[in-house]
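The values are calculated or read from the model by the stated rules, or taken from the named source; none is laboratory data. Everything numeric here is computed off the predicted structure, so don't read it as measured data. Cβ placement follows ideal geometry from the backbone for every residue including glycine, while neighbour counts extend to all protein chains displayed. In case anyone asks, the SASA skips ligands and DNA or RNA and just uses the protein heavy atoms, side chains included. Shrake-Rupley method; radii C 1.70, N 1.55, O 1.52, S 1.80 Å.
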Amino acid sequence: MLISALQFNTTFFWHELLKPSSGFLGGLWRTVYISVVSQALAVIIGLVVALARRSTLRVVRGVAGFYVWVLRGTPLLVQLVIVYDGLAATDIYRFRDLSLLGVSVLASVQAAIVTLALNESAYMSEIIRAGLAAVDVGQNEAALSIGMTPAQSLRHVVVPQAMRFVIPPLGNDFNAMMKNTSVLSVIGVPEMFLITQEISSSTFHTFEIFLDAALYYLALTTIWTFIQAWLEAKIDRSWGIVRTHRSMLAAIREHFQDSRTLGLSRRA
Amino acid sequence: MTSSNPQGSRSDGDGTALIVQATDIRKSFGHQEVLKSISLDVARGEVVVLIGPSGSGKTTFLRCLNHFEKPNSGVVQVNGHLIGSKQDRSGRRVDASAREIARQRAEIGFVFQHFNLFPNRTAVENVMLGPIKVQKMSKDRARTLAIDQLTKVGLSDKIDTYPSQLSGGQKQRVAIARSLAMSPALMLFDEPTSALDPEVIGEVLTVIRNLANDGMTMIIVSHEIGFAREVADRVAMFDDGQIVEIGTPQQVFDRPVQARTKAFLSKVL
């Protein structure tokens, strides 16, 4: 009995990898959509915070700086427990299961998205702030000189150019965020990690099922790497940097040859 | 003399013909006083070239005219508008809003030393942006207008080219077309040829010369003395935050009165 539990169950490993249970797929799906929704919200909040940090009003700058200081200075895990359990325990706010556009969203998932979005927005604001600062001041002056208001200049000239500086570190952060969703298990979000733990404790195939989970996380981050490479190539093209129109595959291949991200550069 | 306006110096001309009226402009950066009471009037169709050593305040003065810099004191009027300020109901001068300043700037073209083209837009898109976003022109009309302007500066073959694939002279010509597309009443040039290779300076000067022939009102900061002599109605010599001498090119270049003008000219000629 003991010996068989220690052995690597190849059948179980392949079965869960190739034909995962619906429970596992549900966890995988939650991991993906929680990451995507949180990241999207974080970009929006981060842009607002980044602009606030460039404000001419000292109070606005101060509030935004305080926000970033607190959210970057405390662990995500602590923030999660405060938002979900802490607020409920003190009766300040209690997340409840909701039905949004016909889709039911668990209370814990709502808390997870709120916390991840706020936490990530602090990092995004710094990335966006650096991106905005990287755009030459002459660009803003050129926009003002043709009669744009500062807001129009920001929207039509400065922010689009800042994107080019923002996408690479943003992609890096999103990669980390997808993996960090595993800490959501502490507030009971049934994402991939929690489901994996449950399968592990009911089957004792700990090694097999966690190896499967690792491969799925790797697949997610790899797909994201492709999307990011495509995005970067698209932005470069809109700057006229790449002269010929290339396929997405060529863009990806070039990205790997440039950065040797996965070490499979020269083999192709 | 290329101006459509036949008179010589018109700093005392009647108010309606004046495009620029700058009075007693003072500007300091920290403790350093960069402009010490500068006044300059420019008539419609007049071309004024500002010369003088670097650090003498030419560029800062130019930037005060479209409110890139806010003067510490003094009044700037361009095309009848108080720049950067307005009168409230009781007739007091108050700061204009960002939107009002933007509307005033739309009438003033500004050409930069380093072009400042939008690198993520093609030549025609650079020129179209102002008409579309500021004047709310339709894309089709803006494109037609932009192609027209690019053709005028000799770039009809570079319409869909990105700035990174243009030479410095071509970039500066696109930048001039971008300003002209807004139909400005006044064009300001901040050392438009200083960042250019010698062999392409001529093509940019030709464009500016053509503008002068068309009667465009212009103020040009330049070190090109030969060009100033040819295109300017008046030349203003700046030194140490003041206009030390102003007059026709013949007066300033051939018979300078001030010692500082003579000293400067002996270095650049």
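Remark: spin-label model distance A:A219-B:S97 equals 5.5 nm, labels positioned 7 Å along the Cα→Cβ axis. Across the options A:V103, A:L57, A:S185, the greatest Cα extent toward the positive end of the charge dipole of chain A (unit charges at beta carbon of Lys, Arg, Asp, Glu) belongs to A:L57.
Applying a DSSP loop filter and a limit of 16 other Cβ atoms within 10 Å to the trypsin sites (Lys or Arg not before Pro) in segment B:140-179 leaves nothing. Treating r as the C-beta distance of B:Q242 and A:R96 and R0 as 56 Å, the FRET efficiency rounds to 0.20. Within the listed set B:P249, B:P53, B:P192, the residue fluctuating most in the Gaussian network model of chain B (springs between alpha-carbon atoms under 10 angstrom) is B:P53.
Ranking B:M128, B:A98, B:L40 by how far each Cα lies toward the positive end of the dipole of chain B (charges on Cβ) leaves B:A98 at the top. Summing Lys and Arg as +1 and Asp and Glu as -1 over all other residues whose Cβ lies under 14 Å from the Cβ of B:Q258 gives a net charge of -1.
Note on chain B: with a GNM built from Cα contacts shorter than 10 Å, the maximum mean-square fluctuation among B:R121, B:R44, B:R255 falls on B:R255.
Give the calculated FRET efficiency between A:R54 and B:L269 to the nearest 0.05, with a Förster radius of 56 Å applied to their Cβ-Cβ distance.
Details: r = 46 Å, r/R0 = 0.82.
Step by step, r from the Cβ atoms, then E = 0.75.
With 32 Å as the limit on Cα-Cα distance, the pairs of B:K70/B:K133; B:K86/B:K171; B:K58/B:K136; A:K234/B:K171; B:K36/B:K86; B:K152/B:K267 that go past it are B:K86/B:K171; B:K58/B:K136; B:K152/B:K267. Accessible-area loss of 40 Å² or more (1.4 Å probe, protein heavy atoms, chain alone versus all protein chains) is found in segment B:96-131 for B:A102, B:R105, B:N116, B:F118, B:P119, B:N120.
Residues considered: B:N213, B:N79, B:N126. Largest GNM mean-square fluctuation over chain B, using C-alpha springs under 10 Å, is found at B:N213. Here is how the number arises for chain A: DSSP H runs of 4 or more residues each give -39500 (n - 2.57), the sum is divided by the residue count, and the result at 222 nm is -23000 deg cm²/dmol.
Computed over chain B, the per-residue total of -39500 (n - 2.57) for DSSP H runs of n ≥ 4 gives a 222 nm mean residue ellipticity of -10000 deg cm²/dmol, rounded to 500. Per the Kirkwood treatment, what hydrodynamic radius in Å, one decimal, follows for chain B from the mean inverse distance over all distinct Cα pairs? Hydrodynamic radius (Kirkwood, Cα only) of chain B equals 19.1 Å.
Want the number for B:E199 to B:D157: 0.36 nm per residue separation, take away the alpha-carbon distance, what's left?
Working: separation 42, 0.36 × 42 = 15.12 nm, distance 1.99 nm.
13.1 nm is the gain from fully extending B:E199 to B:D157.
The charge dipole of segment B:38-165, taken about the Cα centre with unit charges on the Cβ atoms of Lys, Arg (+1) and Asp, Glu (-1), comes to about 420 debye, rounded to the nearest 20.
Sum up the charges of everything whose Cβ sits under 10 Å from the Cβ of B:I132, counting Lys and Arg as +1 and Asp and Glu as -1, but leave B:I132 out.
Values: positive: B:K133, B:K136, B:K139, B:R141, B:R143; negative: B:E125.
My count for the surroundings of B:I132 gives +4.
Close amide-amide hydrogen proximity is noted between B:E69 and B:C64, each under 5 Å apart and 5 or more residues distant or on a separate chain (H modeled in the peptide plane; Pro and chain starts excluded).
Percent of alpha carbon pairs in the protein assembly as shown separated by more than 33 Å? In whole percent, the long-distance tail amounts to 56. The largest-to-smallest principal axis extents of the Cα set in segment A:123-195 are 57, 18, 14 Å.
In whole Å, how far is the Cα centre of segment B:44-69 from that of segment A:120-187? When both Cα centres are located, 35 Å separates them.
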